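First up is the structure itself, then whatever we jot down about it.
Since every read-out is calculated from the coordinates, none of them should be taken as a lab result. If you're wondering where the values come from, they're calculated on a predicted model, not measured in any experiment. Ideal geometry is used to build each Cβ from the backbone, glycine not excepted, and the neighbour counts take in all protein chains shown.
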Amino acid sequence: MAAGTEITQPVNAIEDAPVKESPSDTCCKGTEKGTVQDDAWFPSQSGRRHLATTLESGLPPTHKKGNMCRVESCSSMSRSNSMTADGTSNLDSNLIVRSGVFFDAGKRKVMEDEHILVDDVFDHLGLPWMNMGRSCCYGVFDGHGGRCAAQFAKNMLLKYIVQDLSFPTSVEKAVHQGFLNTDEAFAEACRADSHMSSGTTAIMVLILGREVFVANAGDCRAVLCRRGKAVVMSSDHTPWCKQEQLRIEAMGGYIDDGYLNGQLGVTRALGDWHMDGLKGTGCPLSGEPEVRRFVLTEDDEFLIIGCDGIWDVFKSDLAVEFARKRLQQHNDPERCCRELVAEALYRGSTDNLTVVVVCLQANPPPKLTNNLGVRKSLSSQGLRDLQGALDNR
């Protein structure tokens, strides 16, 4: 499992909202298309060391804001309940998780997206096991104006989350603060090297036991298939979202022809510190994520996490229907990702494309039966009524 590329578009907004062409990246080069199986996101640490010691190397200074969890107008947050009073886990550690990813530059000349695909967080980071059951992390980062912001978020976001003082007792706070710390650390990196200036939308799905935490800033999207039905797990932060419009106007920003301050097609993103009047204190572009918590059930079959290039041409329920049929045929999440990208290209997507599929069952999605039943014969009274009607003709 490794690192790859891309993003997602609006669910609560207009599906065919305009997308502004991103400038080419002159800073970071990368693979244009591919499937990832072995994660080379960053080198795994050997041995088991204390969390703070393990994470100390390679981290910029931590930015603290009191670990406050603020809920924006589109947010839906609830408190984590992952640990019992005696410090043991109350989560099911037997959850079966299988994942795959595929990405393609699509119609663009440059691939500006990145992704995270980690099926065991603590093993991947070389950390002590925290008695939290299964731990997985999946993310998609859709870069714009270059690839550097997406690469920075891919490399640093998960590390900032797990090093936060709130983790793992309050996962929502840790995830929320991890986004803010990553955003501020990237601002420092850009001040040191202006060639890194760029931005990225970001979505991260963190699975701890049967709890799922979805954090989103921008127009990437995560969708859960629950017994054949689509459950949208994130909101698209675009100028078409009414709640985002109200937030922007309250901060003195404006929407011009579908773009934030006439410059950007999303209303939340990491980076973009180089855009005057758009990012910073009192500015309308926010790096603050919307964090949601879900609890997996036996009816949950798989997740789809993708960039806006996927959702430009797929409604959430149709993407679930498409993926479900493919998984019923071959039960292979990586192959399903390939097929989703191929179908998006066939449907005319013009953006970079990245999609992650996470299967939550060992078996393919089951065939669904109609529980209503079908009456196959008339009752005796019905037959008599029918015969009487025919006799009276």
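Figure the gain on full extension for residue 109 and residue 350 (residue separation times 0.36 nm, minus the Cα-Cα span) and round it to one decimal in nm. If you can, show how the numbers build up before the last one.
Values: separation 241, 0.36 × 241 = 86.76 nm, distance 1.06 nm.
Full-extension gain reported as 85.7 nm.
Give me the one-decimal nm value for the distance between modelled label points at residue 193 and residue 98, 7 Å along each residue's Cα-to-Cβ direction.
The two pseudo-label positions are separated by 4.0 nm.
Arrange 279, 154 by Cβ neighbour counts within 10 Å, fewest through most, would you? Each step should come with its number before you reach the end.
Details: 279 21, 154 26.
Ascending number of Cβ neighbours within 10 Å: 279, 154.
All other residues with a Cβ under 13 Å from the Cβ of residue 228 taken together, and with Lys, Arg as +1 and Asp, Glu as -1, what is their net charge? Write down the numbers at each step before the final one.
Numbers: positive: 226, 227, 229, 324, 325, 367; negative: 299, 300, 301, 317, 321.
Cβ neighbours under 13 Å give a net charge of +1.
Please give the Cα centre distance for segment 165-187 versus segment 200-277, rounded to the nearest Å.
Using only Cα atoms to place each centre, the spacing works out to 17 Å.
Please list, in chain and number order, the residues 5+ apart from residue 221 or on another chain whose amide H is under 5 Å from its amide H, with Hs placed from the backbone.
8, 9, 306
Which FRET efficiency value, to the nearest 0.05, is calculated for residue 362 and residue 276 with the Förster distance at 56 angstrom and r the Cβ-Cβ distance? Kindly include the intermediate steps, with their values, before the conclusion.
Values: r = 52 Å, r/R0 = 0.94.
Computed FRET efficiency for residue 362 and residue 276 comes out at 0.60.
Cut-off is 10 Å between beta-carbons; in what order do 136, 148 appear when sorted fewest neighbours first?
Working: 136 21, 148 25.
Placing the least packed residue first, the sequence is 136, 148.
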